[in-house]
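Let me begin by presenting the structure, written as structure tokens, before commenting on it.
The values are calculated or read from the model by the stated rules, or taken from the named source; none is laboratory data. Note that the coordinates shown come from a computational prediction; the quantities given were computed from them, not determined experimentally. Cβ placement follows ideal geometry from the backbone for every residue including glycine, while neighbour counts extend to all protein chains displayed. Just the protein is used for accessible areas: all its heavy atoms, side chains included, with ligands, DNA and RNA removed. Shrake-Rupley method; radii C 1.70, N 1.55, O 1.52, S 1.80 Å.
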Amino acid sequence: MKGKIAGIVLLSLSVTVTTACGREPVEEKSASGEEDVEITLPEDSELTVDYTSVEGVYAEKGFYLAIVAKNLDSGYSDAVKKGASCAIEDINEKLGYEGDEKVYMTFEGPPDSIDIDSQINTVDAVLAENPGALCLAAIDVQSCQAQLETAKDNGIPVVILDSGVDSDLVACSCVTDNRAAAAEAAERLCEAIGDSGQVIIMSHAQSAETSEDRIAGFRKELQDNHPDVDLVNISYENEEQSIEDMLLEALEEYPDTAGIFCTNENVTESVLETVGRLEDKEIKIVGFDAGEVQIQAIRDGREYGTVCQNPYGMGYAAVVAALRAASGQTVDNWIDPGYQWVDRSNIDVEENKKYLYL
């Protein structure tokens, strides 16, 4: 199975994001200079409009876009923010907006991806500021219904990015095909363990749509194509128990575990740290996302490989979709940002660098 190509060629980025409510501007910089950023989505995407450019996109002067992420402490979220920031810079340049005329955005979220109440409070706060549009990565697939109704009542279009909600009150979803990506992770992990043995899943919050879909995609690939690989345990990130403790319990119950699938960056980092202290264990680890810790672990051989999303492209496309929806322009129901498999053999290939969350 080949990874679905998508991404961003990140040559460099130097933008200033003006924030609402009198907060200080947030400055994003790279050390590479002042070149442009090229955003790409999968070549086979069947979309009615182009989300890799602000060509033809309109926004009112002083337009305010609120983005609420699942957390603010991951390379993935940082990369989404950079892609979104690039779109904001591009629209201002395209429309010739300067000073108070500029389109601006805020980028907020809870401290971690299991704090549902904090995220809902954040959404309430940004809706009270009456943004022109809201981009939301929901922690809980069932949450935010009241907030979505408030947004609809006030004419605020909502674009879902990364992780969806169980609601038809959204203008567009910019979300990775998580089932297909997890199926690739399952195929690669089975390859790593010789297509035989016990595997476990360490997952982020059970309430997240991304968690549900990644587990479903992984499980289906095993059932359909790997009869000699047994999925013996699934553990979910929660507030009562650490990833480390859950993993150690699972390994005590299933000492012959040959492989572990981790469903996001933070979970993968915790698993890598824990397994690294178990000198008597040889366990293959396949992750999801590609933060700095994972990148180094892949180069060191501690992580077999990972399915990388396209957060830069996702952030950019979500902003374009939000601006289009707010101005009454056509938007697609679903934008697929794509994904790519990365392992030790191809992590330093130039084409794959755009998938790494650096």
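Within region 200-217, is there a residue that is β-branched (V, I, T), open to solvent by less than 30 Å² (accessible area, probe 1.4 Å) and closer than 24 Å to R277 by Cα? Give the steps one after another, and end with the answer.
Initially, region 200-217 is screened for residues β-branched (V, I, T), giving 200-201, 210, 215.
Okay, now just the ones that are also open to solvent by less than 30 Å² (accessible area, probe 1.4 Å), so 200-201, 210, 215.
Filter once more, keeping what is closer than 24 Å to R277 by Cα: 200-201.
Yes, there is a match, as at least one residue in region 200-217 is β-branched (V, I, T), open to solvent by less than 30 Å² (accessible area, probe 1.4 Å) and closer than 24 Å to R277 by Cα.
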Q | Enumeration of residues in region 134-160 that are of a type in the set (A, V, I, L, M) and without any contact (Cβ under 8 Å) to a residue 12 or more places away in the chain | A | A146
(Q) I'm trying to understand the selection: among the residues of region 94-111, which are touching a helix residue (DSSP H, G or I) at 6+ places or on another chain (Cβ under 9 Å) and of a type in the set (K, R)? (A) K102
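Give region 316-335 a look and list any residue that's open to solvent by 10 Å² or more (accessible area, probe 1.4 Å) and either among the polar types (S, T, N, Q) or more than 11 Å from D50 (Cβ to Cβ) (or both), or say none. Spell out how you get there, then give the answer.
Residues of region 316-335 open to solvent by 10 Å² or more (accessible area, probe 1.4 Å): 324-334.
Residues satisfying the conditions are A325, A326, S327, G328, Q329, T330, V331, N333, W334.
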Q. E46 is checked against (1) more than 23 Å from G155 (Cβ to Cβ); (2) out of contact with any Cys (no Cβ under 9 Å at 6 or more places or on another chain); (3) open to solvent by less than 40 Å² (accessible area, probe 1.4 Å) and fails just one. What number does that condition carry?
A. (3)
**Q.** Of the criteria (1) buried (at least 23 other Cβ atoms within 10 Å of the Cβ); (2) over 24 Å from N154 (Cα atoms), which one G99 fails
**A.** (1)
Q. Hey, which of the strands (runs of 3 or more DSSP E) in region 181-273, taking only ones fully inside, have at least 3 residues that are in contact (Cβ under 8 Å) with a residue 40 or more places away in the chain?
A. 197-203, 257-262
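Have a look at S163, S118, S113 and point out the one that is in contact with an Asp or Glu (Cβ under 9 Å, 6 or more places away or on another chain), hydroxyl-bearing (S, T, Y), over 26 Å from L47 (Cα atoms) and touching a residue at least 60 places away in the same chain (Cβ under 8 Å). Lay out the reasoning, then the answer.
Working: S163 fails: over 26 Å from L47 (Cα atoms); S118 fails: touching a residue at least 60 places away in the same chain (Cβ under 8 Å).
Criteria check complete, one pass: S113.
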Q.
Looking only at region 273-295, count every residue that is open to solvent by 10 Å² or more (accessible area, probe 1.4 Å) and closer than 22 Å to F218 by Cα and tell me the total.
A. 4
Q) Which of (1) closer than 26 Å to C144 by Cβ; (2) surrounded by fewer than 19 Cβ atoms within 10 Å (Cβ to Cβ) does P255 not meet, given it meets every other one? A) (1)
Q: Run G313 past the list (1) touching a residue at least 12 places away in the same chain (Cβ under 8 Å); (2) under 30 Å from D153 (Cβ atoms); (3) of a type outside the set (A, V, I, L, M, F, W, C) and report the number of the one that doesn't hold.
A: (2)
Q) For region 156-197, what are the residues that are surrounded by fewer than 24 Cβ atoms within 10 Å (Cβ to Cβ), of a type in the set (V, I, T) and touching a strand residue (DSSP E or B) at 6+ places or on another chain (Cβ under 7 Å)? A) I156, V170, V175, I193
Q.
Just to be sure I understand, how many residues within region 58-76 are assigned to a helix (DSSP H, G or I) and either surrounded by fewer than 24 Cβ atoms within 10 Å (Cβ to Cβ) or free of Cβ contacts under 8 Å to residues at least 24 places away in the same chain (or both)?
A. 1
Q. In region 97-152, how many are over 16 Å from the mean Cα position of the chain (by Cα), modelled with pLDDT under 95 and outside any helix (DSSP H, G or I)?
A. 4
